[in-house]
Amino acid sequence: VFQRLYLEAGRILMNVRRATGRDSRIEIHTPSAAAVARGTDFRVSVDDESATAAGVLSGGIDVAAMKREVALKKGEGTLVKKGGAPLEPIKLLSPPVLADPQPIYKSMPASLVFERQPEAVAYRYLLTRDSAGRDVLHERVVPAGDDFQVTGLDDGLYYLHGWGIDVLGLEGLPCPPQ
């Protein structure tokens, strides 16, 4: 293991390049589980009850707790409640589609909404200055069907990133930056 991180609460999105050899590159420990990455893009989050959610965007990770390990591949996630074992891999929600996108938004507030996915209870919206999603201006979780209202932007080029969230709290696959 080259790096070991501890996530007490919150979310982390990682892009881990594949290492040469057999050793894992990254281990993330939470109050309820451990995730080991092997050349992958993945998310790990811990909620207020110390439950760990993990999802894989590309590559694969192993998630272990209570002497049980599950292997996750692209498009899969799992949930681990504190003191429990990981659930079997669950298919992540498909990328959402922006409803009625405009080439130019001419007035504020700009109102954005994803087309409804039956399995989504909410959506995470990120508005960024860059297509990679590193320079985040606004981030919000919005109940499914509600609009994401954006105000106070100067004229310019911005990118919307987003994904659905299912009833377990697993965050789905992201839509391409728009």
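Annotations
- Hits in the stretch 117-136 (condition: surrounded by 18 or more Cβ atoms within 10 Å (Cβ to Cβ) and without any contact (Cβ under 8 Å) to a residue 40 or more places away in the chain): 125, 126, 127
- Under the condition of being under 13 Å from residue 175 (Cβ atoms) and in a strand (DSSP E or B), the residues counted in the stretch 117-126 number 4.
- Selection status of residue 45, among the hydroxyl-bearing types (Ser, Thr, Tyr), surrounded by fewer than 21 Cβ atoms within 10 Å (Cβ to Cβ) and either on the phi > 0 side of the Ramachandran plot or modelled with pLDDT of 85 or more (or both): yes
- Single condition residue 64 does not satisfy, out of (1) in a loop (DSSP other than H, G, I, E, B); (2) in contact with a strand residue (DSSP E or B) (Cβ under 9 Å, 6 or more places away or on another chain); (3) open to solvent by 10 Å² or more (accessible area, probe 1.4 Å); (4) of a type outside the set (S, T, N, Q): (1)
- Filter pass, residue 79 being among the hydrophobic types (A, V, I, L, M, F, W, C) and open to solvent by less than 60 Å² (accessible area, probe 1.4 Å): yes
- Residue check for residue 11: part of a strand (DSSP E or B), within 21 Å of residue 142 (Cα to Cα), open to solvent by 20 Å² or more (accessible area, probe 1.4 Å) and at pLDDT 95 or above: no
- Pairs meeting the criteria (first residue in the stretch 150-171 and more than 15 Å from residue 140 (Cα to Cα) and in contact (Cβ under 8 Å) with a residue 40 or more places away in the chain, second residue open to solvent by 60 Å² or more (accessible area, probe 1.4 Å) and not charged (D, E, K, R), beta carbons under 6 Å, at least 6 apart or on different chains) are 167/121.
- Residues in the stretch 103-116 that are part of a loop (DSSP other than H, G, I, E, B) and either open to solvent by less than 60 Å² (accessible area, probe 1.4 Å) or not small (Gly, Ala, Ser) (or both): 9 in all.
- Tally of residues being aliphatic (A, V, I, L, M), part of a strand (DSSP E or B) and either open to solvent by less than 60 Å² (accessible area, probe 1.4 Å) or more than 15 Å from residue 112 (Cβ to Cβ) (or both) across the stretch 137-178: 5
- Residue in the stretch 88-102 that is without any contact (Cβ under 8 Å) to a residue 60 or more places away in the chain, part of a strand (DSSP E or B), open to solvent by 10 Å² or more (accessible area, probe 1.4 Å) and polar (S, T, N, Q) present: no
The values are calculated or read from the model by the stated rules, or taken from the named source; none is laboratory data. From a predicted model like this one, the values you see are computed outputs, not experimental measurements. Every residue, glycine among them, receives a Cβ derived from its backbone with ideal geometry; neighbour counts consider all protein chains shown. To get the accessible areas, we keep the full protein, side chains included, count just its heavy atoms, and leave off ligands, DNA and RNA. Shrake-Rupley method; radii C 1.70, N 1.55, O 1.52, S 1.80 Å.
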